Every structure is written in structure tokens, then in C-alpha cells.
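In what follows, a single structure is set out as C-alpha cells and then discussed.
The numbers here are math on the coordinates, done by the rules we state, and not lab data. These numbers come from a predicted model, not from an experiment. No Cβ is skipped: glycine too gets one built from the backbone with ideal geometry, and neighbour counts run over all protein chains shown.
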Amino acid sequence: MATETIAAGELADHGAAGPGMPQLDVSSFPNQIFWLLVTLVVIYFVLSRFALPRIGAVLAERAGTITNDIAAAEELRHRAREAEAAYDKALADARAEANKIVADTKAQIQADLDAEMEKADAQIAEKTAESQKAIDEIREGAARNVSEVARDVAREIVAAFGTEADAKTVDSAVDAKLGERA
Amino acid sequence: MATETVAAEGEGGLEFHPFDQFEIKPLFGEIGDPVSWYTITNATFWMALAAVCVVLLLVVGTRGRAVIPSRVQSAAELVYGFVYKMVEDVTGKEGLKYFPWIMTLFLFILFSNYLGLLPLAFTPTSHIAVTAVLALGVFIGVTVLGFVKNGMAFLGLFWMKEAPLFLRPIIAIIEVISYFVRPVSHSIRLAGNLVAGHAMIKVFAGFAAVAALSPLSVVAITAIYGLEVLVAGIQAYVFTILTCIYLKDALHPSH
């Protein structure tokens, strides 16, 4: 009887470790199921109360940050483009202005130059006319002197020949000779 | 049993106890003490450890709430994003309400599987009692949800409108059977994969007792361990995505 009990006890002890799988040992099921449910409830509680909202919030915040940063970068790029366009425009305006000033100045200078030239030309012409007049006078004077000298010389020559020269005849003879030369 | 072991020892010193690792033992007190429903056992310990790992990864790891994450926070976000996307892709937007439940399942199975790969560890998910509760929980939850959301229209899941009329009753019978087989395959797939791998490692470890075989044994254990690392992750994924698919059936019973 005693040996039988011991044998039965040994068998029972070995029951779990016996040839069967411990997985099929129904006596351990309530224990496993109970602790499984406890574990699952704990994990679910931790996840739904703490972990998942927190991670969700972090991910949402990150997505928001990234979106904002991209939008800000886009905005900045837009502004940079605008600034560049404004700069280009200013540059073009400045260039046009400079060209205009250059052209105006050139025109002004040209006008001044033309006016001065005209004035100078007029002066030159005046001087030329004056000089011409002087030269003409001088020439005329010279011519008159020549004819006078020629008349005097002719009169003297005629006188030297001993005849009283008729003034009228001498004059006309000299004029005729001078006229031939002229 | 005793004589068998002795005989085995007598033959070549080979001892195989591939299933010893799955025994449920009280953590405190004598081995052989009765295991009642509240006893703290090795199963309790390793389940608790899985829960602790979940807390460490997802709560302690993310306590910085940094926009630029630390490594642990990055890993936590990776897991979150992975499961979130899975739920969203498979079940659609409506399924996201159940995301915490699915995340719970995934993390519990994932950590149980991986912690079970530590030497001398116990793997809660290698027990059909555990996986069956998980699978039945999913099955019952999804079925109740299907009827609550769709009423009797949920039965449309079994009534193929595309099939020819005379085939529909036959298909319906097959569909009903396959529906009720779901929790069985769902739970046995997970437990079976883990038991097979763990037991195989132990069997090869048993061969190490013979000097001539021990190098081969080490190589084989290494190879199977590598395989088990894959299996641990894949089975957690498979269990979770099947849960998502069942949930999708409950939310949208029309095919």
C-alpha cells in the first residue's frame, strides 16, 4: 500500500516531466490563463494610457514640425526669389538710367559743341571777312599807289623827254597799261 | 519511464529531455508543489518580463518625447509605425480604433518569443493554453464585433454573392467550417513553431554528450537558433496580421 502510494506520487511528480508534452498538462492551464490575462491587461493599460498616446503625439509633432519647416523654407525661397527679382529690376533700372544720363549728356555736349562750333565758325567767317576787307583795302591801296606811282613816273619820264605831258592822256595811258596787266 | 531513461543512458550516454523546458514550475517553494491558478510560476515570471520589456521600450524609452528621437525611442517609434501601418493597411481607418489591442498582442508575442530564446528561458507562447486564449480572444472578439457592427449582414461573410447560386450553400458550409477552424490554426501555428524550434535545439544539445558528435551539434544548434530568431519575429508578425485580417472581415464582411 505504502509502496503503491510512493509509486503513485512518483508518477504524479513525473507526470509533468513525463513523456507527454507539458503543453497538454491541463492542470497548469488555469495558472497560465490567469497570468496571461493579467499580463495582457497590464500591457494594454500601459499602452493605451501612456505609450501609444505619447508616441502618437511625438510622431504628430514631428510631422507638424517637418511640414512647418518645409513651409518656412518654401516661404524663404519665395522671398529670396522676390528679392532677387527686385535686385535684378533695380539693376536694370539703374542701367537704363545710366544709359539715359549718358545719352542726355552726350546730346547736351553735342549741342554745346555744335553751338560753340557755329559761334566759332561765325567768328572765323567774320574775321575772314574783316581780313578779306583789309586785304582788299590794302590791295586796292596798293593798286592805287601803283597807278599813282606809274602816273608820276610816266609824267616825269614824259617831262624828262621835254614835253609837257597832258595829265589826261598820261592817266588814260597808264590805266590802259595797268588794265592790260591786271 | 525511469527504466527507459536508464536504458538510454546505458546505450550511449544520450539523454533527451526536449520538453523539460516547457514545464510549468512554481517559482517559489518545492518542485512538485501543486500549481494552482494564482501560483507564481516560471510562466508568470517570463510573462511579467515581457510586460517589463514593453514598458522599458515604449514608456521608459520614449520618456524624452524628443522630436529628434534617441535610439530606444526610435525603435519604439519603429514598432509603433510598423503595427499602426499594418492595421491601417489591412483594416482601413475604422480598424485603428482597435490598434491598442493589436499592439498589445503583437508586443506580448514578440517579447515572449524573443525572451524565450535566452538560454534557460521559458517561452509562454510555446504553450497552447496561452496561444489558444489569445486566438480565442481574437476569434470571439472579432465575431462579436462583426455582429455588433453589421447585425445579421455579418453572415454575408459566408454567402458568396459572386459564386453561382447552386454552389453558394456548399461554399457557405466550407466557409463556416474554415471560420471556426481559424482559432485552431491561429493558436497552433504560433505554439507549434516555437515548440518545434525549441525542442529541436534541445535534441541537438542532447547529441553534444557524444564527443564525436558535439561539433556537429554546436553547428546545428547555432543554425537552428538563427532560424528561431527569424521564426520568433515572423510568428509574432503572422499572428498579428492574421488578427488584422479577421478584424477586417468583421468590419467589412462583404468580400
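Annotations
- Helix-derived mean residue ellipticity, 222 nm - over the protein assembly as shown, DSSP H n ≥ 4, -39500 (n - 2.57), to 500: -26500 deg cm²/dmol
- Each residue of segment B:221-235 was assigned a 3J(HN,Hα) from its phi angle through the Karplus curve 6.51 cos²θ - 1.76 cosθ + 1.60 (θ = phi - 60°); the sequence is 4, 4, 4, 5, 4, x, 4, 5, 4, 5, 4, 4, x, 5, 5 Hz, with glycine and proline shown as x.
- Near-label residues of segment A:96-121 by backbone N, under 11 Å of a point 7 Å along Cα→Cβ of A:K127: A:120-121
- Sorted fewest first by neighbouring Cβ atoms within 10 angstrom, B:F28, B:F99 come out as B:F28, B:F99.
- Exposure proxy ranking, count of Cβ atoms within 10 Å, fewest first, for B:H127, A:H78, B:H186: A:H78, B:H186, B:H127
- Checking the Cα-Cα distances for A:K133/A:K168; B:K25/B:K202; B:K97/B:K149; A:K127/A:K177 against a 25 Å cut-off, the pairs over it are A:K133/A:K168; A:K127/A:K177.
- Reach of B:K93 by Cα under 15 Å, taken over aspartates and glutamates that are not fewer than 8 positions away in the same chain: B:D249
- Neighbour counts of C-beta atoms inside 10 Å place B:H252, B:H198 in the sequence B:H252, B:H198, starting with the fewest.
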